[in-house]
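Below: the structure, in structure tokens.
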Amino acid sequence: MRDDLALISRWIPRGARVLDLGCGDGDLLAHLQNDRDVNGYGLEIDQDNIAACFAKGVNVIEQDLDKGLGNFQSDRFDYVVMTQALQAVLRPDSVLDEMLRVGREAIITFPNFGHWRVRSYLGFKGRMPVSSALPYEWYDTPNIHLCTVKDFEAHCRERDIRIIERQVVNRHHRSGTLTRAWPNLFGEIAIYRVTL
Amino acid sequence: MPETIPQDSVGLVQPQTLHVDQPLELECGRVLPSYDLVYETYGTLNANASNAVLICHALSGHHHAAGYHSDDETRPGWWDSCIGPGKPIDTNRFFVVCPNNLGGCHGSSGPGSQNPETGQLWGPDFPMMTVKDWVKSQAQLADALGIHRWAAVVGGSLGGMQALQWSIDFPDRLANAVVIAAAPKLSAQNIAFNEVARQSILTDPHFHGGRYYLHDTYPRQGLILARMVGHITYLSDDAMRMKFGRDLRSGRFHFGFDVEFQVESYLRHQGETFSRNFDANTYLLMTKALDYFDPARECDGTLEKALSGTRCNFLVTSFNSDWRFSPERSREIVNALVQVGRNVSYAEIDTPKGHDAFLLPIPEYRKLFGAYMGRVAEAVSDA
């Protein structure tokens with residue numbers, strides 16, 4: 001399993017009700033289902049991924065995140081998870097609001113655009129950053145709303161969203177002295193657990 | 001049959017008949033004292049009878065879902081695209097059962113069969129059937145075949161409604177319900193189309209109040225019209241445009257009412273073929289069964305409540321160009337199931353083919369359906 005998913009799964013208690021937005025091939029939900037008895041659903045639009053979820057016995061619903069979560073009732077879930085997709089939706093702010101409406105807590109991961117390598121790519125090369133966390137060219141990237149750790153936290157303050165837990169890690173999903181001291185400069189992937 | 005039977009066909013198949021002497025109490029209040037169910041099976045039932053899949057047919061369907069009846073048959077069963085060795089409903093792994101529903105006209109007891117109490121043909125006196133009644137009779141068939149619990153109950157359109165009803169009425173007797181291109185109930189528009197179809201039959205001078213058998217005739221024109229209007233709802237606007245456009249049969253206008261446009265020719269052909277092979281009373285009955293279907297009705301109109309006693313896993317599938325039972329209708333089922341915490345998956349297939357798509361070999365559809373059924377088969381062998 002992807003390292004960030006392993007990190008996230010530690011935050012989710014046994015028997016929780018989980019909604020995974022952009023659940024991919026269902027790895028996280030399959031793990032949570034088998035190991036933690038979680039009642040979970042994934043939302044996904046890629047049909048290869050949907051077939052992979054079927055094969056794993058993971059509940060997956062074909063649904064476009066950009067069309068909202070209006071079909072789910074408020075507080076239906078304990079956790080609403082979205083990994084590496086916040087930057088790819090049309091309105092990250094509305095998605096975040098919706099996550100906190102249908103779930104008690106939201107768990108979000110995104111690539112940190114404030115990382116020093118990203119900054120220097122743009123600053124020194126004068127080109128749009130391409131890295132292992134952001135492997136696309138400017139013209140074909142699905143990442144249309146990139147943000148930094150500082151941006152995200154400022155947004156949370158503005159909307160009165162409480163950050164319960166934060167892990168900012170490097171590309172190997174490890175945190176060290178540098179990522180802890182200067183997360184916005186040395187963190188490549190930000191992982192948050194938030195609530196209202 | 002084609003020159004050689006394709007590798008992925010179930011091959012030559014033979015219908016069987018189950019005679020049930022136990023009376024069937026129907027939703028309409030009447031009782032069917034005894035009845036016949038004609039059905040086909042494909043594949044082999046395993047030792048603990050856990051690999052059985054029930055196929056429920058749609059409005060004009062029947063028990064012949066796959067394979068060929070004889071060497072003369074040019075086309076295989078109606079769902080041959082999805083049932084067979086290596087197909088989504090893999091007969092190497094599953095024992096597949098497909099009955100003809102009561103009220104049908106392909107061998108099971110229906111308006112065209114004999115009323116055992118009078119010795120006469122039932123005709124319009126055959127009791128009105130509902131989806132619930134069908135499910136009850138299918139459970140009798142399951143008992144007779146020694147199947148306590150289906151690995152899956154599968155159906156498209158009206159068949160999908162039966163799969164949903166199974167999950168409600170016999171929650172412990174199925175592990176999975178596969179509900180394809182269906183709806184939790186018909187809309188006013190759906191009922192309206194059915195009513196046009198019924199009126200065209202009822203007002204045909206050859207209908208004789210449903211006793212056309214006695215007059216050695218049948219409401220051919222009514223059936224043709226009914227099928228024509230039905231067929232329009234099975235195809236999408238795009239599908240019709242691609243298939244026919246405004247093409248003319250002879251390349252020019254004739255300024256008359258004979259067939260000029262290809263689409264007219266196609267509809268008339270569909271209607272005529274259908275009218276030769278289908279019974280008018282059955283058509284009336286089947287469309288009413290569709291109209292009556294509404295499991296939420298006895299639960300204050302809340303689908304969540306109706307589904308709260310279900311236990312099986314669900315796969316719900318729709319087709320984006322289907323306007324008869326649009327994806328929104330399937331999502332109503334999905335949302336209600338999520339709300340009551342059932343295991344449910346949903347996929348929406350991108351195709352211009354409309355409602356009829358559920359019968360067609362569309363690669364994405366087969367892949368997704370196959371992936372789900374593969375998991376169902378694995379769970380069976382684990383059991």
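Sort out which residues of the stretch A:68-91 are away from every other protein chain (no Cβ under 11 Å) and of a type in the set (D, E, K, R), and write them in order of number.
Residues satisfying the conditions are A:Asp75, A:Asp78, A:Arg91.
Suppose we keep only residues that are more than 14 Å from the chain's Cα centre (by Cα) and among the aliphatic types (A, V, I, L, M) within the stretch A:175-191. Which one would you say is nearest to A:Gln84 (Cα to Cα)?
Selected residue: A:Leu185.
Exactly one condition in (1) within 14 Å of another protein chain (Cβ to nearest Cβ); (2) touching a residue at least 24 places away in the same chain (Cβ under 8 Å); (3) over 15 Å from the mean Cα position of the chain (by Cα) is not met by A:Gly26; state its number.
With (1) within 14 Å of another protein chain (Cβ to nearest Cβ); (2) touching a residue at least 24 places away in the same chain (Cβ under 8 Å); (3) over 15 Å from the mean Cα position of the chain (by Cα) applied to A:Gly26, the lone miss is (3).
So A:Val194 passes all but one of these: (1) in a helix (DSSP H, G or I); (2) closer than 27 Å to A:Ile12 by Cβ. Which condition number does it fail?
Going through (1) in a helix (DSSP H, G or I); (2) closer than 27 Å to A:Ile12 by Cβ one by one, A:Val194 breaks only (1).
Only residues that are within 8 Å of another protein chain (Cβ to nearest Cβ) and under 17 Å from A:Leu5 (Cβ atoms): list them for the stretch A:42-57, please.
A:Ala52, A:Cys53, A:Lys56, listed by residue number.
Would it be correct to say that B:Asp21 is among the charged types (D, E, K, R), loosely packed, with under 13 Cβ neighbours inside 10 Å and at negative phi?
Details: among the charged types (D, E, K, R): yes; loosely packed, with under 13 Cβ neighbours inside 10 Å: yes; at negative phi: yes.
Yes.
Would you please name the residue that is farthest from the other protein chains (Cβ to nearest Cβ), looking only at residues in the stretch B:331-363 that are among the β-branched types (Val, Ile, Thr) and not in a loop (DSSP other than H, G, I, E, B)? Walk me through it before giving the result.
Kept after step one, since they are among the β-branched types (Val, Ile, Thr), are these residues of the stretch B:331-363: B:333-334, B:338, B:340, B:344, B:349, B:351, B:362.
Those left that are additionally not in a loop (DSSP other than H, G, I, E, B): B:333-334, B:338, B:344, B:349.
Numbers: B:Ile333: 11, B:Val334: 6, B:Val338: 6, B:Val344: 6, B:Ile349: 8 Å.
Per the criteria, the residue is B:Ile333.
Can you tell me which residue within the stretch A:8-23, out of those that are within 13 Å of chain B (Cβ to nearest Cβ) and aliphatic (A, V, I, L, M), is farthest from A:Gly68 (Cα to Cα)?
If we take residues in the stretch A:8-23 being within 13 Å of chain B (Cβ to nearest Cβ) and aliphatic (A, V, I, L, M), then A:Ala16 is farthest from A:Gly68 (Cα to Cα).
Looking at B:Ala49, B:Ala66, B:Ala58, can you tell me which residue is closer than 25 Å to B:Ala371 by Cα, surrounded by fewer than 23 Cβ atoms within 10 Å (Cβ to Cβ) and out of contact with any Cys (no Cβ under 6 Å at 6 or more places or on another chain)?
That would be B:Ala49, the only listed residue that is closer than 25 Å to B:Ala371 by Cα, surrounded by fewer than 23 Cβ atoms within 10 Å (Cβ to Cβ) and out of contact with any Cys (no Cβ under 6 Å at 6 or more places or on another chain).
Among the small types (Gly, Ala, Ser) and either facing another protein chain (nearest Cβ under 8 Å) or crowded, with 20+ Cβ neighbours inside 10 Å (or both) - does that describe any residue in the stretch B:322-329?
No, there is no match, as no residue in the stretch B:322-329 is among the small types (Gly, Ala, Ser) and either facing another protein chain (nearest Cβ under 8 Å) or crowded, with 20+ Cβ neighbours inside 10 Å (or both).
Being more than 9 Å from chain A (Cβ to nearest Cβ) and farther than 22 Å from B:Leu174 by Cβ is the filter here, so list the residues in the stretch B:366-383 that pass it.
B:Arg366
Using the structure shown, decide if A:Asn39 is over 21 Å from B:Gly370 (Cβ atoms), within 12 Å of chain B (Cβ to nearest Cβ), over 13 Å from the mean Cα position of the chain (by Cα) and in contact (Cβ under 8 Å) with a residue 24 or more places away in the chain.
Yes.
So that you can scan it fast, the table gives a plain yes or no per residue for (1) of a type in the set (D, E, K, R); (2) within 26 Å of A:Val38 (Cα to Cα):
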position: A:Gly68; (1), (2): no, yes
position: A:Ser74; (1), (2): no, yes
position: A:Asp93; (1), (2): yes, no
position: A:Arg104; (1), (2): yes, yes
position: A:Phe110; (1), (2): no, yes
position: A:Arg127; (1), (2): yes, no
position: A:Ile164; (1), (2): no, yes
position: A:Ser175; (1), (2): no, no
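With A:His155, A:His145, A:His172 as the choices, which residue is more than 15 Å from the chain's Cα centre (by Cα) and assigned to a loop (DSSP other than H, G, I, E, B)?
When all the criteria are applied, what remains is A:His172.
Condition (residue is of a type outside the set (Asp, Glu), in contact with a Ser or Thr (Cβ under 9 Å, 6 or more places away or on another chain), closer than 30 Å to A:Arg76 by Cβ and without any contact (Cβ under 8 Å) to a residue 40 or more places away in the chain) applied to the stretch A:175-190: is it met by at least one residue?
no
Could you say whether any residue in the stretch B:190-209 is of a type in the set (Phe, Trp, Tyr) and either free of Cβ contacts under 8 Å to residues at least 12 places away in the same chain or buried (at least 22 other Cβ atoms within 10 Å of the Cβ) (or both)? Even if it seems obvious, please write down each step before you answer.
Taking the stretch B:190-209 first, the residues of a type in the set (Phe, Trp, Tyr) are B:193, B:207.
With either free of Cβ contacts under 8 Å to residues at least 12 places away in the same chain or buried (at least 22 other Cβ atoms within 10 Å of the Cβ) (or both) added as a condition, the list becomes B:207.
Yes - at least one qualifying residue is present in the stretch B:190-209.
Looking at (1) among the hydrophobic types (A, V, I, L, M, F, W, C); (2) closer than 20 Å to A:Ala85 by Cβ; (3) modelled with pLDDT of 95 or more, which one does A:Ala154 not meet, given that it meets all the others?
The single condition A:Ala154 does not satisfy is (2).
The values are calculated or read from the model by the stated rules, or taken from the named source; none is laboratory data. Quick caveat: nothing in here was measured; it's all calculated off a predicted structure. Because the Cβ atoms are built from the backbone with ideal geometry, glycine has one as well, and the counts that use them run over all protein chains shown.
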